[in-house]
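One structure is given below, encoded as structure tokens.
The values are calculated or read from the model by the stated rules, or taken from the named source; none is laboratory data. Quick caveat, the model's predicted, so the values are computed rather than measured. Every residue, glycine among them, receives a Cβ derived from its backbone with ideal geometry; neighbour counts consider all protein chains shown. All accessible areas refer to the heavy atoms of the entire protein, side chains included, with ligands and DNA or RNA removed. Shrake-Rupley method; radii C 1.70, N 1.55, O 1.52, S 1.80 Å.
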Amino acid sequence: MSEIEKRLKEKGIELPPAPSPMGAYVPAVKAGGLVFVSGQLPRFGDETRCQGRVDSEVSVEKARDAARLATLNAVSVLKELLGDLDKVKRVVKLTGSVYSAPGFTGQPGVINGASEVLVEIFGEKGKHARMAQGMAELPAGASVAVELIVEVEN
């Protein structure tokens, strides 16, 4: 069992099945030593688990949990591509998008749900640069979306 698999088990983190793309793209692309994971929603199977504007239709706490689920989906995609999460050298960048109510400026707090789970899974290698941004709409009416850039072993 890989080190990351052991860590997931110890922390009680279960990765969901890697979601299928919702359009004409691939879930992740490896280019040299980097993997670019396409934007992931808080989906489980074909169901989007958190929909609506954050701070008017969806609570910040629920959106934070949704950011965590979207990130677990991104890690599942990464595992499917690499076969072994121990090949991750470091998470380079996380971009988090929040379907925000007008005037809502708490996007960083929502996306902390994504950042924190990356550190839970990868430890120091999970610390990353980040962008947390508000959006007028997201696919499927999802409350959050995340994408990753990850450095991996060649």
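Amide H contacts of Ser38: Ala28, Val29, each under 5 Å away and 5 or more positions distant or on a separate chain (H built 1.01 Å from N in the peptide plane; Pro and chain starts excluded). In a reduced charge model with +1 at each Lys and Arg Cβ and -1 at each Asp and Glu Cβ, the chain shows a dipole moment near 280 debye about its Cα centre.
Thr105 contributes an accessible area of around 120 Å² to the protein surface, as traced by a 1.4 Å probe with all chains present.
The loop-placed chymotrypsin sites (Phe, Trp or Tyr not before Pro) in the stretch 14-106, going by DSSP, that have at most 14 neighbouring Cβ atoms within 10 Å of their Cβ come out as Tyr25. Each of Gly52, Ile149, Pro108 was scored by the projection of its Cα onto the charge dipole of the stretch 5-154, and the greatest displacement toward the positive side belongs to Ile149; charges sit on the C-beta of Lys, Arg, Asp and Glu.
Computed in the context of the full set of protein chains, the accessible area of the chain at 1.4 Å probe radius has 50% of its extent on carbon or sulfur.
Pairs Lys30/Lys79; Lys30/Lys127; Lys62/Lys89; Lys30/Lys62; Lys9/Lys62: which are spaced more than 22 Å apart, C-alpha to C-alpha?
From the list (Lys30/Lys79; Lys30/Lys127; Lys62/Lys89; Lys30/Lys62; Lys9/Lys62), the Cα-Cα distance tops 22 Å for Lys62/Lys89; Lys30/Lys62; Lys9/Lys62.
Taking a ≥ b ≥ c as the square roots of the eigenvalues of the Cα gyration tensor, an a/c ratio of 1.5 or more together with a/b no larger than b/c marks the stretch 1-78 as oblate.
Annotation: amide H of Lys89 within the under-5 Å range of Glu151, Val152, Glu153, sequence separation 5 or more or interchain, hydrogens built in the peptide plane.
Under 5 Å between amide hydrogens, built in the peptide plane, is the criterion, and for Ala132 it picks out Gly96 among residues at least 5 positions away or on other chains. Site pair Val29 and Ile13 shows an inter-label distance of 2.7 nm when each label is modelled 7 Å from Cα along Cα→Cβ. First check a/c for the chain, with a ≥ b ≥ c the square roots of the eigenvalues of its C-alpha gyration tensor; if it is under 1.5, answer rounded, and if not, answer prolate when a/b is larger than b/c or oblate otherwise. Here the chain falls in the prolate category.
Helix screen, the chain: DSSP H segments with Cα axial length of 30 Å or more and mean Kyte-Doolittle hydropathy at least -0.5 are 60-82.
With the charge dipole of the stretch 1-136 set up from +1 on Lys and Arg Cβ and -1 on Asp and Glu Cβ about the Cα centre, the Cα lying farthest toward the positive end among the listed residues Met1, Ala24, Gly126 is that of Gly126. Within the chain, DSSP assigns beta bridges of which about 70% are antiparallel (rounded to the nearest 5).
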